[in-house]
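Chemist: First, the structure itself, so that you have it in front of you.
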Amino acid sequence: MKRAPLALRHVALGLLFGTMSTSSYAQEAPELVTNTFAWSQVINAQTVEIVPRKNSFGFMIQHRFGAITPDKQSYKQFLGLDLPSNIRFGFQYAVSGRVHFEIGRSKNGKVIDLAAKARILRQSADNKMPVSVTGFFDAGVMTDDFPSVGADNYFGDGTTPFVYAFKHRMSYNTQVIVARRFNDVLSLQFAGVSVYRNLVPQGASNLTIAAPISGRIKVSTKGAILFEYTPILEGRSTNSQLNPAQIAYELATLGHVFQVIIGTSGEIVEQRLYPSAPVPYDEGHVLLGFNIARTLFVKPKKPRS
């Protein structure tokens, strides 16, 4: 029997090794951990999650009622539901499996915010990558009317007369979020948050640094307990030494998330939440609220034959 030509043998060996290499790579590709959290926010704090499929959409409603006080006024005000409330509508769009963009509008301050969120690292099932890391950036513009100021108001230098400019409407929020899903029950998360406001009251800081600590404890197939506690490390409100905190019960299905919240602030966007004083929850004041989220999945296009 004649032996195959040398060139043909080289081609055959190349195909063989290429197939083996591809098979080995497929076997070694790590399995990624999913559903660390049910959607893109714990309660107020951002999670490591994004809209999970390219070209899919997310829609959310975040609502906070007025404060419940530890006296009979709470009954007259129907547990804060009769008081002024805050609400935010948000829309998200995933440009890939790693990045989504978001636009939202809040009642307080009539703030319109534009955000981008990107996965940096993904936790793997084999623990070679033990955590997930996501970056988040948001820019907000306050569209409400500026409060009136007198002729004797000055900038921080004490000599330049104060005049409003468009830049005074702007605020920014940058985050790095680290999370780990320990098992089917427990997920924990930590974030570093930097908020910068171009205009602040006299004596307040433009920069606020916060470190939200949050988690999810699943109590049933669809139900979970959520919690957040946010130490304010720099630039806290001068009106309180308390840190924002909230707890919620969550019901999550494929594409839907509903949360009932007991919280300490009526603010929602981070540029207003973290620099503001929470209600005096150490004296029994709290707020009720809810979040509703809906993900609209778009099926990937089938490859052309």
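To keep it simple, each residue is scored yes or no on (1) under 29 Å from F37 (Cα atoms); (2) free of Cβ contacts under 8 Å to residues at least 24 places away in the same chain.
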site: L114; (1), (2): yes, no
site: T143; (1), (2): no, no
site: P161; (1), (2): no, yes
site: T174; (1), (2): yes, no
site: S187; (1), (2): yes, no
site: G215; (1), (2): yes, no
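Chemist: Another one. Of all residues in the range 142-158, count the ones that are outside any loop (DSSP other than H, G, I, E, B) and in contact with a His (Cβ under 9 Å, 6 or more places away or on another chain).
Modeler: So the count comes out to 1.
Chemist: Is it true that some residue in the range 228-236 is in contact (Cβ under 8 Å) with a residue 12 or more places away in the chain, β-branched (V, I, T), surrounded by 15 or more Cβ atoms within 10 Å (Cβ to Cβ) and under 22 Å from F136 (Cβ atoms)?
Modeler: yes
Chemist: Cβ-Cβ below 7 Å, separation at least six or inter-chain, first residue in the range 72-86 and in the same structural domain as V286 (by TED's automatic domain parsing) and within 10 Å of L287 (Cβ to Cβ), second buried (at least 16 other Cβ atoms within 10 Å of the Cβ) and β-branched (V, I, T): which pairs?
Modeler: Close Cβ pairs (under 7 Å, with a partner that is buried (at least 16 other Cβ atoms within 10 Å of the Cβ) and β-branched (V, I, T)) amount to L79/I68; G80/I68; N86/I268.
Chemist: Let me ask you something else. Scan the range 181-194 for residues that are more than 13 Å from P212 (Cα to Cα) and crowded, with 18+ Cβ neighbours inside 10 Å and report the count.
Modeler: So the answer is 2.
Chemist: If we keep just the residues of the range 120-141 that are in contact (Cβ under 8 Å) with a residue 60 or more places away in the chain and assigned to a strand (DSSP E or B), which is farthest from Q189 (Cα to Cα)?
Modeler: G140
Chemist: Could you list, in sequence order, all residues of the range 129-148 that are charged (D, E, K, R) and over 22 Å from P52 (Cβ atoms)?
Modeler: D144, D145
The values are calculated or read from the model by the stated rules, or taken from the named source; none is laboratory data. The structure displayed is predicted, hence computed values, not measured ones. Cβ sites come from the backbone with ideal geometry, for glycine too, and all protein chains shown count toward neighbours.
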